[in-house]
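Chemist: Supplied in structure tokens, the structure appears directly below.
The values are calculated or read from the model by the stated rules, or taken from the named source; none is laboratory data. The shown structure was predicted, so the numbers you read here are calculated from the model rather than taken from an experiment. Here the Cβ is made from the backbone with ideal geometry for all residues, glycine too, and neighbour counts use every protein chain on show.
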Amino acid sequence: MRACPACGGELAEAYRFCPWCAAPARRKLVEFFPARAAEHGRALRVSRYLDREEHHVRFSVWDETGRAEAAVSLDADEAERLARFLGRTRPQRRRRRSLLETLLR
């Protein structure tokens with residue numbers, strides 16, 4: 001058992017919300033990213049846990065039936081390193097010419 005961060009009531013590990021005050025048991029942000037067309041129906045779910053004792057990022061791969069097939073968690077420092085890697089290696093898009101640049105060509 002753990003204590004609810006809002007009211008201090010006893011909270012079982014399996015509970016997502018406190019049965020005494022209805023506060024969320026943990027704070028997190030969640031985003032789904034659909035897979036490429038070749039992997040239709042699959043998705044990547046990324047959860048960022050915001051509580052001090054659980055501060056990490058979890059990645060899970062979901063199949064077309066809505067079941068998680070695999071998951072891995074990164075601590076906050078590794079998640080930041082992954083974000084820097086993705087930002088640095090992003091393919092450069094060609095800048096579209098403005099109407100003026102097109103006319104002056």
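Chemist: In the range 25-48, which residue that is touching a Lys or Arg at 6+ places or on another chain (Cβ under 7 Å) and at pLDDT below 90 is farthest from ALA83 (Cα to Cα)? Talk me through it step by step, then tell me what you get.
Modeler: Initial filter on the range 25-48 (touching a Lys or Arg at 6+ places or on another chain (Cβ under 7 Å)): 25, 28-30, 32, 35, 47-48.
Restricting the remaining residues to those that are at pLDDT below 90 gives 25, 28.
Values: ALA25: 27, LYS28: 18 Å.
My answer is ALA25.
Chemist: Please note which strands (runs of 3 or more DSSP E) are completely contained in the chain and include at least 1 residues that are touching a Phe, Trp or Tyr at 6+ places or on another chain (Cβ under 7 Å) and of a type in the set (Gly, Ala, Ser). Walk me through it before giving the result.
Modeler: On the way: elements: 28-34, 43-49, 56-62, 68-75.
Where strands (runs of 3 or more DSSP E) fall fully within the chain and carry at least 1 residues being touching a Phe, Trp or Tyr at 6+ places or on another chain (Cβ under 7 Å) and of a type in the set (Gly, Ala, Ser), they are 43-49, 68-75.
Chemist: Among the listed residues GLY87, GLY9, GLY41, identify the single one that is loosely packed, with under 12 Cβ neighbours inside 10 Å and in contact (Cβ under 8 Å) with a residue 12 or more places away in the chain. Don't jump to the end; show me each part of the working.
Modeler: Details: GLY87 fails: in contact (Cβ under 8 Å) with a residue 12 or more places away in the chain; GLY9 fails: loosely packed, with under 12 Cβ neighbours inside 10 Å.
Criteria check complete, one pass: GLY41.
Chemist: Follow-up question, since we're still on this one. Tally time: how many residues in the range 30-69 are within 13 Å of the chain's Cα centre (by Cα) and among the charged types (D, E, K, R)?
Modeler: 4
Chemist: Would the range 64-73 turn up any residue that is out of contact with any helix residue (DSSP H, G or I) (no Cβ under 6 Å at 6 or more places or on another chain), hydroxyl-bearing (Ser, Thr, Tyr) and surrounded by 10 or more Cβ atoms within 10 Å (Cβ to Cβ)? Steps first, answer last, please.
Modeler: Here is the first cut: in the range 64-73, the residues out of contact with any helix residue (DSSP H, G or I) (no Cβ under 6 Å at 6 or more places or on another chain) are 64-73.
Then keep just the ones that are hydroxyl-bearing (Ser, Thr, Tyr); that gives 65, 73.
Among the residues that remain, those that are also surrounded by 10 or more Cβ atoms within 10 Å (Cβ to Cβ) are: 73.
Within the range 64-73, one or more residues are out of contact with any helix residue (DSSP H, G or I) (no Cβ under 6 Å at 6 or more places or on another chain), hydroxyl-bearing (Ser, Thr, Tyr) and surrounded by 10 or more Cβ atoms within 10 Å (Cβ to Cβ).
Chemist: Go over the candidates ARG52, ARG58, ARG94, ARG105 one by one and state the one that is touching a residue at least 12 places away in the same chain (Cβ under 8 Å) and among the basic types (Lys, Arg). Steps first, please.
Modeler: Details: ARG52 fails: touching a residue at least 12 places away in the same chain (Cβ under 8 Å); ARG94 fails: touching a residue at least 12 places away in the same chain (Cβ under 8 Å); ARG105 fails: touching a residue at least 12 places away in the same chain (Cβ under 8 Å).
One residue alone meets the criteria, ARG58.
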